[in-house]
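Data block below; observations after.
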Amino acid sequence: MEPMVSLAYLESLADSTTPVKKPQRYSYPAWYPAAYRIGFDPGKGEYTIALLELQRYD
């Protein structure tokens, strides 16, 4: 999984959590995210892009 985010979206300082669509079947066993988060911490001046709610599928 690799969230794609435009520079314009990051510069808007938006804060959002988006669900990841789950396929009917995964190709191989692994941990997969159920959502991802994009945010900005003004105190630190840092962006965060994170995969969330990892679940194991065998």
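Some notes on this structure:
- Residues whose placed amide H lies under 5 Å from that of TYR36, excluding near-sequence neighbours: THR18, VAL20, LEU52
- Within-12-Å neighbourhood charge of TYR36 [Cβ basis; K, R +1; D, E -1]: 0
- Expressed per residue, the C-alpha convex hull volume of the chain stands at 86 Å³.
FYI, it's all coordinate maths here, none of it is from the lab. This is a predicted model, so every value here is computed, not measured. All Cβ positions, glycine included, derive from the backbone under ideal geometry; neighbour counts span all protein chains shown.
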